[in-house]
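The values are calculated or read from the model by the stated rules, or taken from the named source; none is laboratory data. Not measured: the values here are computed from a predicted model. Note: ideal-geometry Cβ built from the backbone for every residue, glycine included; neighbour counts use all protein chains shown. All accessible areas refer to the heavy atoms of the entire protein, side chains included, with ligands and DNA or RNA removed. Shrake-Rupley method; radii C 1.70, N 1.55, O 1.52, S 1.80 Å.
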Amino acid sequence: MQKKQRWWLMILLVILLAAGTFWPLPVYLETVGSAQNVAKYVSVAQQRDRKPGKLMLTYVELARATPFLYLASFFDQNSSRIPSNQITGGGDNQEFDLVQKYYMETAINQAKISALKLAGKSFKQQFQGIYVLSILKNSEFKNKLQVGDLIQRIDGKSFSSLTGMTNYLASKKANQTVKVNYLRQGSSKIAHGKIVVLPGTKRHGIGISLVEKTSVTSKSQIKANMDGIGGPSAGLMLALQVYSQLSQRNLKAGRKIAGTGTITASGQVGQIGGIDKKVIAANKAGATIFLSPAGKSNYREAKKTAKRIKTKMKIVPIKNLTQAVNYLAHTR
């Protein structure tokens, strides 16, 4: 009898260990990631930037919590616990990865455009459609469209921007049926559904969140291969790297410069998440300058973190690409 009890106890312990190690909780853990030299991802006119110094993008590590990892996170002051629905929006991991990929694709294009404009280089931008990022519960397209579908036309009409498409939908009456032409994994498809009132607004639409897909071409042949890195927060550092190569201005001057922030086509720098962890990653990588979005929440958190870890790294608030370039060019 005792031998059987020992076996049952051992089996129970194995089950508990397996559950504690592998059972996924509805929580993500955000921890300190890394700082990477943008030059290794970017080429301009088929050339890499090999000048001394680094312009470094920073990112956080994001992982699904298990019971043991969740408990351990309370002993790491740089770990944050985030409900999974805040990360994935209620979608699965595959949908989340797709959304992050499309955000990065958009960030690359915005970085190219802002850098080309500042460098005074000509370029062409072609609107290719709208990616579906999420679908609202009240949308008539809930079980018709999927995350990752590329909308090309509405009611047979093509558009030159996201704004043009959303304005067209906003002009429609609620319950009016529209036809959507879209691509799914390269195959052309059609879906029909009714216009709905978007939650929290008086605007009309089809109840999905969207991001533009565009292509940017120029004689400079800019390429950015960001495999393995998702999200839009690398935009500022990508734009600086592209601009420095286009203009032949040595912004690094042998320094290790890190930073973060979204970028728009006009060069405006936007807020991001996890900046405290990105400051720590930059410090670990030996950066002497950290470029932070100038918005109060990001800059205040970056300064607070720098003080907490007692780094000599200078935290610099940045509103736009021009300001970042001027700062780096005039401080050596």
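Quick notes on this one:
- From the options Ala306, Ala258, Ala282, Ala302, residue that is touching a Phe, Trp or Tyr at 6+ places or on another chain (Cβ under 9 Å) and part of a strand (DSSP E or B): Ala258
- Condition check for Arg249: in contact with a helix residue (DSSP H, G or I) (Cβ under 9 Å, 6 or more places away or on another chain) and at pLDDT 95 or above: no
- Condition broken by Val316, with the remaining ones in (1) outside any loop (DSSP other than H, G, I, E, B); (2) in contact with a strand residue (DSSP E or B) (Cβ under 7 Å, 6 or more places away or on another chain); (3) surrounded by 23 or more Cβ atoms within 10 Å (Cβ to Cβ) satisfied: (3)
- Test: residue in segment 210-218 that is of a type outside the set (Gly, Ala, Ser) and in a loop (DSSP other than H, G, I, E, B): no
- For segment 227-255, residues that are part of a helix (DSSP H, G or I) and among the small types (Gly, Ala, Ser) total 4.
- Counting only residues that are under 20 Å from Ala281 (Cα atoms) and surrounded by fewer than 14 Cβ atoms within 10 Å (Cβ to Cβ), segment 50-71 holds 1 of them.
- For segment 14-48, the tally of residues that are more than 24 Å from the chain's Cα centre (by Cα) and open to solvent by less than 90 Å² (accessible area, probe 1.4 Å) stands at 5.
- Hits in segment 185-209 (condition: open to solvent by 40 Å² or more (accessible area, probe 1.4 Å), in a strand (DSSP E or B) and either closer than 30 Å to Ser114 by Cα or among the β-branched types (Val, Ile, Thr) (or both)): Ile190, Val197, Ser209
- Residues satisfying the stated conditions in segment 169-182, i.e. open to solvent by less than 40 Å² (accessible area, probe 1.4 Å) and either aliphatic (A, V, I, L, M) or within 21 Å of Thr106 (Cβ to Cβ) (or both): Leu169, Ala170, Val178, Val180, Tyr182
- Between Leu150, Leu118, the distinction of being of a type outside the set (Phe, Trp, Tyr), crowded, with 16+ Cβ neighbours inside 10 Å and out of contact with any helix residue (DSSP H, G or I) (no Cβ under 8 Å at 6 or more places or on another chain) belongs to Leu150 only.
- Residues considered: Thr262, Thr305. Of these, the only one that is of a type in the set (Ser, Thr, Tyr), without any contact (Cβ under 8 Å) to a residue 40 or more places away in the chain and in contact with a helix residue (DSSP H, G or I) (Cβ under 7 Å, 6 or more places away or on another chain) is Thr305.
- Taken over segment 263-277, the criterion of being in a strand (DSSP E or B) and either open to solvent by less than 30 Å² (accessible area, probe 1.4 Å) or of a type in the set (Gly, Ala, Ser) (or both) is satisfied by Ile263, Val269, Gly270.
- Enumerated strands (runs of 3 or more DSSP E) restricted to segment 1-114, each holding at least 3 residues that are of a type in the set (A, V, I, L, M) and in contact (Cβ under 8 Å) with a residue 12 or more places away in the chain: 27-37, 54-64
- Some residue of segment 278-291 being open to solvent by less than 30 Å² (accessible area, probe 1.4 Å), closer than 26 Å to Asn109 by Cβ and basic (Lys, Arg): yes
- Subset of segment 210-230 [within 17 Å of Ser247 (Cβ to Cβ) and open to solvent by 40 Å² or more (accessible area, probe 1.4 Å)]: Lys219, Gln221
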